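Inspection log for the structure reproduced underneath, given as structure tokens.
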2 protein chains.
Amino acid sequence: MTVSRVLNNKGEISEATRQHVLSVMHEMGYRPNRVARSLATAKTLKIGVIVPSISSAYYGAVLEGAERLFWDRGYHMMLGNTGEDIRREQTILDLFEEDRADGVLVVSSHLNSAVLSEYLRKQRAAVVINSEVEAGAACHVRTNEKQSMAKAVEHLVKSNRRCLAYVGTNMKTYAGRQRQNCFVAALQEFGASVRPDLIMSCDRRGGYVTARQLLQEHPEVDGVICFNDEIAAGALRACFDLGRDVPGDVAVIGYDDIFLAELLNPSLTTLRLCLTKREVGALAGRMLLERIDGSSTCDEVVLDHELVVRESAP
Amino acid sequence: MTVSRVLNNKGEISEATRQHVLSVMHEMGYRPNRVARSLATAKTLKIGVIVPSISSAYYGAVLEGAERLFWDRGYHMMLGNTGEDIRREQTILDLFEEDRADGVLVVSSHLNSAVLSEYLRKQRAAVVINSEVEAGAACHVRTNEKQSMAKAVEHLVKSNRRCLAYVGTNMKTYAGRQRQNCFVAALQEFGASVRPDLIMSCDRRGGYVTARQLLQEHPEVDGVICFNDEIAAGALRACFDLGRDVPGDVAVIGYDDIFLAELLNPSLTTLRLCLTKREVGALAGRMLLERIDGSSTCDEVVLDHELVVRESAP
DNA sequence: CTGTTAGCGCTTTCAG
DNA sequence: CTGAAAGCGCTAACAG
């Protein structure tokens, strides 16, 4: 019908009828029905996004970058939070398929490569951030964990720290696995001794308790690298409560450079991505939109970290 | 068609055909099309959610609570981030209408009561958190700012702080306006002098700079209440850098009790909601679903804060 | 340039 | 209990 034509600025239309249609639409308070349009065009203009936890400062910022880009390009974002639950992640992926989402963006999947790839192949288009997928199943943005961990370890070794510990998280996630493995690799690379008893793990909130235990059981530890800044903040406070001076007795390094990192006391030395989290989200979003309209150019982007030196590990 | 009947477990169906349909569905890898279903039923099972900023720890946690509830009840969540931009907020609301979202949840709107109410009346159902709306336009969850600010001021006055300052944010938001006004009201209530020059405001990241300036220009300040914990973290660090002892010289109080509040050094005294942020999200979500299915029972919920006393203001 | 028509994939109503 | 048919609001292809 003609109305469709003016809505979409498509086809030839006389200015007269065009204006007429617009004015009638306006006075009726008409709103086009995107559901019907989606059914007719087989395009939903919806992107499904999956994160382990919205409330994390890290994922939140990534989401914000992606969200902004999607809306600007006319796409709406459907959000799924897995709560780190594998079954939930699969269910959400299935539902995005039923929603006929034009594309899916998965951040830090907890699914293994084979399973995730199978789910993503069923989607119309997919991009993942820091998740393992088989080539072809999705585009990929990932961080170079080997290089970043090497920077941290090297920094500590060069400032004469001799007994390094790592406080990580579970190994369910790409970064979780990589950082722990790369920590060991980096110790070897820089000739430091590897002590499995100095590798601990905790959940997002457990930095304080875990670091405290580590430092009590192993007073010889003089350097701690943490999976992220929140855990590092716990380690800092644990040092303080145990009377260990930072950086005098112990050096502490985190990951992410969250906003509060430089406000902590002592301020936190940390590994910061070469892109802001928002930019990472926007980058992944852009790759997804390119995949959707078929102009996809690259399949993988690898991002580096830089060491931001502050008081906690000068 | 029959398939529809088995999908929805509706109508009478023989177990034989039922099983047959299911097995065929399975081997074809069939996924029902929710877009078509939405068009036919005039229900989308989608909720539109609007926040000023996903990346804030505060909104993130609220979202997480709401999201979990929605998915559990079969609803998907579409997320809109306003970036504190009024026009963007209106656009998103319009688009949710075009999406025929079954309901809309608005957190901390930047729109004024009249405008917001008009937009919400066009939606199928609406709930707002900490936003001003006209009665009837939406259900409402809000915090009792008057009472919470009184607690903070009373606590400081009773510990003999005589010169209190407030570091807030812009007045574009319900909480922003309320906290600043209630600060003045509470000073009067407890017989403290009101000094407009000790009321400052800054953006989310500006706590350090603003507090530093405040303390330099007004060395007599011995108590600072901040709009939230992130700003308070900046104030803490500003005190440290200026050589002012906390809590000896200056007491600092924040709002929200974010995870890092107790890890700061000194740990932060703060006002915590009687519900976790996640619970607030779930509560609002539940109210929205009740509005959608017509079982709505109450129109407004008011939430109190409690003072969590830590080192920064004992 | 503008009106008509046939779907998009589902639900719902009405017969069989 | 199961098939057939109409219709949700839009787009796209085809005539006028």
Compute a Gaussian network model of chain B, connecting alpha carbons closer than 10 Å, and tell me which residue from B:Ile129, B:Ile199, B:Ile47 fluctuates the most. B:Ile199
If you wrap a convex hull around the C-alpha atoms of segment B:28-163 and split its volume per residue, what is the figure in Å³? 155
Selected from B:Ala175, B:Val141, B:Ala186, residue furthest toward positive end of dipole (segment B:113-236; charges at beta carbon): B:Val141
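Could you line up A:Glu67, B:Glu15, A:Glu311 from fewest to most neighbouring Cβ atoms inside 10 Å?
Final ranking by Cβ density, sparse to dense: B:Glu15, A:Glu311, A:Glu67.
Quick one: A:Tyr30, B:Tyr255, B:Tyr119, B:Tyr174, fewest Cβ neighbours within 10 Å first, how do they rank?
Details: A:Tyr30 13, B:Tyr255 27, B:Tyr119 23, B:Tyr174 20.
Neighbour counts put them in this order, fewest first: A:Tyr30, B:Tyr174, B:Tyr119, B:Tyr255.
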Long-range amide H partners of A:Leu271 with built H, under 5 Å: A:Gly254, A:Tyr255, A:Asp256, A:Asp257, A:Val308
³J(HN,Hα) across segment A:298-305 via Karplus (A = 6.51, B = -1.76, C = 1.60, θ = phi - 60°), whole Hz, x for Gly/Pro? 10, 9, 8, 10, 10, 10, 9, 9
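Using alpha-carbon pairs under 8 Å, 6+ residues apart, how would you state the relative contact order of segment A:90-190 in percent?
Numbers: 130 pairs, mean separation 24.1, N = 101.
24 percent.
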For A:Ala251, which sequence-distant residues (separation of 5 or more, or a different chain) have an amide H within less than 5 Å of its own amide H, given hydrogens modelled in the peptide plane? A:Gly223, A:Val224
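Kirkwood hydrodynamic radius of segment B:145-274 from all distinct Cα pairs, in Å?
On the way: mean 1/r = 0.0706 Å⁻¹.
Result for segment B:145-274 stands at 14.2 Å.
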Angle in degrees between helix B:86-98 and the longest Cα principal axis of chain B, rounded to the nearest 10: 20
Given 37 °C and 0.692 mPa s, compute D for chain A with the Stokes-Einstein relation, Rh being the Kirkwood radius over Cα pairs; round to the nearest whole µm²/s. 152
Between B:His218 and B:Val184, Cβ-based FRET efficiency (R0 22 Å, step 0.05) works out to 0.85
How would B:Glu98, B:Glu145 line up from fewest to most surrounding beta-carbon atoms within 10 angstrom? B:Glu98, B:Glu145
Please give the Cα centre distance for segment A:259-302 versus segment A:40-105, rounded to the nearest Å. 16
Output row for A:Ser193: copy-to-copy label distances, label 7 Å along Cα→C-beta, ascending, in nanometres, one decimal, is 6.5
In a Gaussian network model of chain B with springs linking alpha carbons closer than 10 Å, the residue among B:Glu27, B:Glu300, B:Glu89 that fluctuates most is B:Glu27
Taking chain B as the reference, fit the longest principal axis to its C-alpha atoms, fit the long axis of helix B:145-158 to the helix C-alpha atoms, and give the angle between the two in degrees, 0 to 90, nearest 10. 30
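Any idea what % of Cα-Cα pairs in the protein assembly as shown are farther than 48 Å?
Details: 37659 of 196878 pairs.
Percent of Cα pairs beyond 48 Å in the protein assembly as shown: 19.
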Cβ charges +1 (Lys, Arg) and -1 (Asp, Glu), total dipole of the protein assembly as shown, debye: 1360
Where labels lie 7 Å past Cα in the beta-carbon direction, separation of B:Thr276 and B:Asp241 in nm: 3.4
Nearest-first distances (nm) between copies at B:Ala42, label 7 Å from Cα via Cβ: 2.9
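Rounded to the nearest 5, what % of DSSP beta bridges with both residues in the protein assembly as shown are antiparallel? Display every interim value, and only then the final one.
Working: 11 of 79 bridges.
Roughly 15 percent of the beta bridges in the protein assembly as shown run antiparallel, per DSSP.
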In degrees, nearest ten, helix B:277-292 long axis to first principal axis of chain B (Cα): 40
Using amide H atoms built in the peptide plane, which far-off residues or other-chain residues are under 5 Å from A:Thr143 H to H? A:Asn130, A:Leu303
Could you go through segment B:26-41 in sequence order and give the Karplus-derived ³J(HN,Hα) for each residue, using 6.51 cos²θ - 1.76 cosθ + 1.60 with θ = phi - 60°, rounded to whole Hz, and x for Gly and Pro? 5, 6, 8, x, 5, 10, x, 9, 5, 5, 5, 4, 4, 5, 6, 8
Pseudo-spin-label distance A:Ala40 to B:Ala135, built 7 Å along Cα→Cβ, given in nm, is 4.3
Assume the label is 7 Å from Cα along Cα to beta carbon: what separations in nm does B:Thr276 have to the matching positions in the other copies? 3.0
Counting each DSSP H run of 4 or more residues in chain A as -39500 (n - 2.57), what helix-only mean residue ellipticity at 222 nm follows after dividing by all residues, to the nearest 500 deg cm²/dmol? -14000 deg cm²/dmol
If you plug each phi of segment B:170-175 into the Karplus form 6.51 cos²θ - 1.76 cosθ + 1.60 with θ = phi - 60°, what whole-Hz ³J(HN,Hα) values come out, in order, with x for Gly and Pro? 5, 9, 7, 10, 3, 5
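None of the figures in this text is laboratory data; all of them are computed from the coordinates on show. Computed from a predicted model, the values in this text were never measured in an experiment. Note: ideal-geometry Cβ built from the backbone for every residue, glycine included; neighbour counts use all protein chains shown.
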